[in-house]
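Trainee: Pasting a structure here, questions to come.
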Amino acid sequence: MKSLSIFVIAATLVGCASPPGARVESCKATTEQEVASLFDRWNQSLQTGDPHKVVANYAERSILLPTVSNKPRLTPAEKEDYFHHFLENRPSGTIDLRTIELGCNTAVDAGLYTFTFAKTGAKVSGRYTYTYRWNGSEWLIMRTATLISAAMRSNTRFENSTRNVISGYAS
């Protein structure tokens, strides 16, 4: 009888631990260096000049809040449209300052960066936040939020030198 009582208590506790249909998630071990390399992967995809290769870094359900556009990009087609125009000026990004936060299958890389546009010679500094999610086989971007720095926005020289960089896709 005592064995039966212990069995019933144990079975009850096991049943309470995991509700039916609950998904048990294991966390991917990662490092700050691995997360930092994800920006490098994205930046290298820019160098190809192929918007499709850039968009391949994004999860199917993700949002791009770009530096030089007021329109959020939600679908792969919207992201490709944005990058089609952005890539025309041959951008290359460098990280000036970063902080990385690691979570269970998520990571956030945020800081300051500078883009140099090879076609025009313009440089644009700004703030960025990339939120990544591990999908079981690779890290993909869930959210990109970028903003040209306030000092750059108030600089008349910046306005004149980048007018051509941002025209065509600033809406």
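Trainee: Explain nothing, just compute: Karplus ³J(HN,Hα) = 6.51 cos²θ - 1.76 cosθ + 1.60, θ = phi - 60°, for every residue of the range 108-115 in order, whole Hz, x for Gly and Pro.
Mentor: Going residue by residue, I get 10, 10, 9, x, 10, 9, 10, 9 Hz, with x marking Gly and Pro.
Trainee: If I stretch the segment between T75 and E138 completely, what's the gain in nm (0.36 nm per residue apart, minus their alpha carbon distance), one decimal?
Mentor: 20.7 nm
Trainee: In nm, what is the difference between 0.36 nm times the number of residues separating L97 and A36 and their Cα-Cα distance?
Mentor: 20.8 nm
Trainee: Which ³J(HN,Hα) values in Hz, rounded to whole numbers, follow from the phi angles of the range 52-62 under the Karplus curve 6.51 cos²θ - 1.76 cosθ + 1.60, where θ = phi - 60° and Gly and Pro get x?
Mentor: Along the range 52-62, the couplings run 4, 5, 5, 5, 4, 7, 9, 5, 3, 9, 8 Hz.
Trainee: Excluding residues fewer than 8 places away in the same chain, name every one of the lysines whose C-alpha is closer than 19 Å to that of K53.
Mentor: Straight-distance partners of K53: K79.
Trainee: Okay, moving on. What distance in nm separates the two pseudo spin-label positions at R127 and L112, each 7 Å out from Cα along the beta-carbon direction?
Mentor: The modelled label-to-label distance comes out at 1.2 nm.
Trainee: Which ³J(HN,Hα) values, rounded to whole Hz and listed in residue order, are derived for the range 67-82 from phi using the Karplus coefficients 6.51, -1.76 and 1.60 in 6.51 cos²θ - 1.76 cosθ + 1.60 with θ = phi - 60°, glycine and proline given as x?
Mentor: Using θ = phi - 60°, the values come out as 5, 10, 8, 8, 9, x, 10, 9, 9, x, 5, 5, 5, 4, 4, 4 Hz.
Throughout, read-outs are computed from the coordinates displayed, never taken from laboratory work. Remember, predicted model here, so these are calculated numbers, not experimental data. Note that we place each Cβ from the backbone using ideal geometry, even for glycine, and neighbour counts take in every protein chain shown.
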